[in-house]
1. Counting only residues that are surrounded by fewer than 16 Cβ atoms within 10 Å (Cβ to Cβ) and touching a helix residue (DSSP H, G or I) at 6+ places or on another chain (Cβ under 7 Å), which one in the stretch B:292-310 is farthest from B:Phe273 (Cα to Cα)?
2. Can you confirm whether A:Thr265 is more than 10 Å from chain B (Cβ to nearest Cβ) and out of contact with any strand residue (DSSP E or B) (no Cβ under 7 Å at 6 or more places or on another chain)?
3. For the stretch A:206-285, please list each of the helices (runs of 4 or more DSSP H) lying entirely inside it that holds at least 2 residues being at pLDDT below 90 and surrounded by fewer than 20 Cβ atoms within 10 Å (Cβ to Cβ).
4. Select from the stretch B:82-114 the residues that are under 30 Å from B:Val257 (Cβ atoms) and out of contact with any Gly (no Cβ under 6 Å at 6 or more places or on another chain) and list them in ascending order.
5. Within the stretch A:50-60, does at least one residue satisfy the condition of being more than 11 Å from every other protein chain (Cβ to nearest Cβ) and open to solvent by 20 Å² or more (accessible area, probe 1.4 Å)?
6. List pairs: first residue in the stretch A:73-84 and surrounded by 18 or more Cβ atoms within 10 Å (Cβ to Cβ), second residue not in a helix (DSSP H, G or I) anywhere in the structure, Cβ distance under 7 angstrom, at least six positions apart or on different chains.
7. List the strands (runs of 3 or more DSSP E) inside the stretch B:154-272, counting only whole elements, that have at least 2 residues being in contact with a Leu (Cβ under 6 Å, 6 or more places away or on another chain), of a type in the set (Asp, Glu) and under 28 Å from B:Glu104 (Cβ atoms).
8. Would you mind listing the helices (runs of 4 or more DSSP H) fully within the stretch A:131-182 where at least 2 residues are open to solvent by less than 40 Å² (accessible area, probe 1.4 Å) and either modelled with pLDDT of 95 or more or over 19 Å from A:Gly197 (Cβ atoms) (or both)?
Amino acid sequence: MTNSTRNRIKDKAFQFFGIFCMLIGLVFLGALLVDIITRGLGRIDWDFLTSLPSRRASRSGILTAWAGTLWILLLTSLIAFPLGISAGVYLEEYTKKSKLSSFLEINIANLAGVPSIIYGLLGLEVFVRQMQMGASLLAGALTLSLLVLPIVIVTTREALKAVPPSVRQGSFALGATKWQTTWRQVLPASFGGILTGVILALSRAVGEAAPLIVVGALAYVPFVPSSPNDEFTVLPIQIFNWTSRPQAEFLVNAAAAIIMLLFITFLLNGVAVYLRNKQQKKIKW
Amino acid sequence: MKTNTSVLTQLKATLLVCGTLFLASCGGNSSESGGTGSDLTGSIQIDGSSTVFPITEAVAEEFRAEAPDVKVTVGVSGTGGGFKKFVRGEIDINNSSRSIKEEEAKQAQENNISYLELSVTYDGLTVVVHPENNWATSMTVEELKKIWEPAAQGKIKRWNQIRPEWPNEEIHLFGAGVESGTYDYFTEAVVGKSHASRGDYTASEDDNVLVQGVSTDKNGLGFFGYAYYLENKDKLKAITIDDQNDANGKGAIMPSVETVKNGTYAPLSRPLFIYVNSKAAARPEVVKFINFYLDNASELSSEVGYIPLPAEELQKQKQKFNDFVTGLKK
């Protein structure tokens, strides 16, 4: 056996191993989707989307849950993204390499690994009690913002790093200030990457139940929140509640609600991919 | 590069889309209200046990027809989690699957919170095994204690250690998680000390997980609320319980609506409670809600799988509450 045939065999072997690895993930995801869809799809209709929760599974709906989820998403975006992106820009574009900056870097990366329930406890003490927001949408959104901030900061920095230094140098050479360079050149060029991070962060926030339960999100809310100070529930809590009920019909409801949650996540991801592709076509260096 | 303006346009567009979705979501609630005569307003905040949740949810749902402008919300922080908020005066009513603990009562006192306990329904903690388990059909409380007490940890591992004639096979235990009121009640009733048991068993706050566990394990043994047994009768076998006290029913007793109601399924039949904050009880909407709760508890608790209190007992609870309210006014 020559060296090159051996290498070719290795190459093929790795290729099959790669396919196998990919299939593991896909098969599980596929099984999950098929199971959920066969159970829950038939349950989704207009009434299900517009009804209040009820003790009777067949009359129960997810109106307050998805309305709460949308509120939380909107508020979390409004709070977390300006903060996260600004922090990322500062760390990447403005700070000089120093012990302090690498210390910050490590800690932000660590924050991304803190269990979400810890953020819930923090939110309960700081927002709900000290700042007296009560178990409101605002307190929940602030808690989730803290939760996703590390993701936003880290991905913003990665996106900024991917912009070639020559773009910045060109801008500086023409006499632009740092802010002008960042705002007019670097940020637009990294828009796609930042957006990916932002959507990843939102997708994480949309699936969280534990920290919101700690903050005081409820399981039965018979009204659609009309301001950020209102009490609320979200889809994951409604799903969690339904799966723990004794009657099997509630499991069907839970499956249907999971489909809606997946739908919202896919929609978010779809929008992100669309915007990113559109943006990338425009950038020509 | 001329991308900077379009970035902003796109951001604006995204926000606009979000905003529109949002407004669409807000539109839904306006048509619901109006209708019946009650002009009560305000909000009632309830939290606590997930075991009591289904019945409180049912009451809150029906109460909307009675007083459409009162916003009743119900959370599921667990009995203990609910009491933490209750003793700080953060909620009006706590759903509770056990009585208030001494230290919780002390905290309430420190915060100047007084309250009233009302029992609203019964539940029968059911001990179950796999349907193919043909040996264990009945157990004494003494035997249950032998299995669950802290000293059993790592020692009682086989069925024949409980009764010699039972098979020499491993016993696999499933039970409520230590944070739940159900766990506190079971340990109190069986081991004799609240919150004390062996730790080497499969614990879950979600009773469906326990159902799943026992129904797929021939050597499994577990306990949970009667409603979960009732819904999964085809997958589980309930064990009759003998408390060796002939005063409340001779011999081993099967959990059923009848035996829980008349108290012969001892010691594992338990009342479920709501705790009402006295400040809340001074508000007309809360008074109306509690009265509505007690008036409908019987019908609604059977609907969600619990065992209703006898009518005279509910009447007593109502009397107790109304005395409490009159007492507040003096």
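1. Looking at residues that are surrounded by fewer than 16 Cβ atoms within 10 Å (Cβ to Cβ) and touching a helix residue (DSSP H, G or I) at 6+ places or on another chain (Cβ under 7 Å), I get B:Glu303.
2. In short, yes.
3. Numbers: elements: A:210-215, A:235-243, A:249-282.
Result: A:249-282.
4. If the condition is that a residue be under 30 Å from B:Val257 (Cβ atoms) and out of contact with any Gly (no Cβ under 6 Å at 6 or more places or on another chain), then B:Phe83, B:Ile93, B:Ser99, B:Ile100, B:Lys101 are the ones that fit.
5. Yes, the conditions are met somewhere in the stretch A:50-60.
6. What qualifies is A:Leu75/A:Pro228.
7. Hits in the stretch B:154-272: none.
8. It comes to A:137-161, A:165-173.
The values are calculated or read from the model by the stated rules, or taken from the named source; none is laboratory data. A quick note: this is a predicted structure, and the numbers were derived from the prediction, not measured. With ideal geometry, Cβ positions are generated from the backbone for all residues, glycine too; neighbour counts draw on all protein chains shown. Each accessible area value is taken on the protein alone, full model and side chains, heavy atoms only, with ligands, DNA and RNA left out. Shrake-Rupley method; radii C 1.70, N 1.55, O 1.52, S 1.80 Å.
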